[in-house]
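Let me begin by presenting the structure, written as structure tokens, before commenting on it.
The values are calculated or read from the model by the stated rules, or taken from the named source; none is laboratory data. A quick note: this is a predicted structure, and the numbers were derived from the prediction, not measured. Positions of Cβ are backbone-derived with ideal geometry, glycine not excepted, and every protein chain shown enters the neighbour counts. Side chains included, ligands, DNA and RNA excluded: accessible areas come from the protein's heavy atoms. Shrake-Rupley method; radii C 1.70, N 1.55, O 1.52, S 1.80 Å.
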Amino acid sequence: DILLDGRPDVVVYRSTLNRERMLSDETLRWIKSKARLVLWCSESSSPNYADLLRHYRDERLFDFSVGTDGGDTDLVDWNTLWPCDPWWYLATKVGHPTTKDINIGFGGSIGDDRRPLIASFGDALTVRERKAGNGEEFDRYGSYAAWMMRCRAVVNDATLDGGYAVKNRVIEAGLAGCLLFEDYRSPLKRWGFEPGIDYMKFDPAIATGVP
């Protein structure tokens, strides 16, 4: 209805890379016919996404494509980092706590792929699982930002479906004033950040015992 009634000049398609949930080529071509400019943006770092990104490019389903996870693939027009609104981290505006009472935290969704990482930090890590719609305090982003601001340091999971990416948690750690523990395989360094200066790199396989 928006496309038919509003005739927007620009459409931004925040894509899923789950083939079972993505729009068909026919639908994407129809969207493109209704707007002057159609932009695609999503994760792009994983090698498992290459075939799909190549297909989008070859079929010219979008006018411009943006990889948002800090990768360096040439299958999109522009690689950048996830956007993050700093307003949520301004304690004077949203009443966040200013006391950092959590030494090392991990906040986010927890699946089987992340459990080894979490276990590798042992008792040193405070974990808060983020689940949408479960009635917990992490339902709203403001609560998540408030929890991040309580952390002295945070651990990031840099893996992405067989590859490595710069996750939004990296940006959030900076806004929240946290020391960042980042997987040594992360592409973060290519964005000008130096391990040992801007963040601490670690190997999940031997992370046990981090103070």
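Only helices enter the 222 nm calculation for the chain: every DSSP H run of n ≥ 4 contributes -39,500 (n - 2.57), and dividing by all residues gives -6500 deg cm²/dmol, rounded to 500.
Extension gain for LEU90-VAL10 works out to 25.7 nm (0.36 nm per residue, less the C-alpha to C-alpha distance).
For the chain, hydrophobic long helices are taken as DSSP H runs at least 24 Å long by C-alpha position along their axis with mean Kyte-Doolittle hydropathy of 1.0 or more; none is present. A straight chain from ARG60 to ARG115 at 0.36 nm per residue would run longer than the Cα-Cα distance by 15.9 nm.
If you look at the Cα atoms of the chain, you get an Rg and a Dmax of 19.1, 59 Å. Per the 1.4 Å probe, what fraction of the accessible area of the chain, in percent, lies on carbon and sulfur atoms? So the carbon and sulfur contribution to the accessible surface is 50 percent. Take each peptide in 43-54, 175-186, count the other Cβ atoms within 10 Å of every residue, and average; sorted highest first, the result is 175-186, 43-54. Solvent exposure of the chain amounts to 56 Å² per residue of accessible area, where only protein heavy atoms count and the probe is 1.4 Å. Length gained on full extension, ASP203 to ASP25: 60.0 nm, using 0.36 nm per residue less the C-alpha separation.
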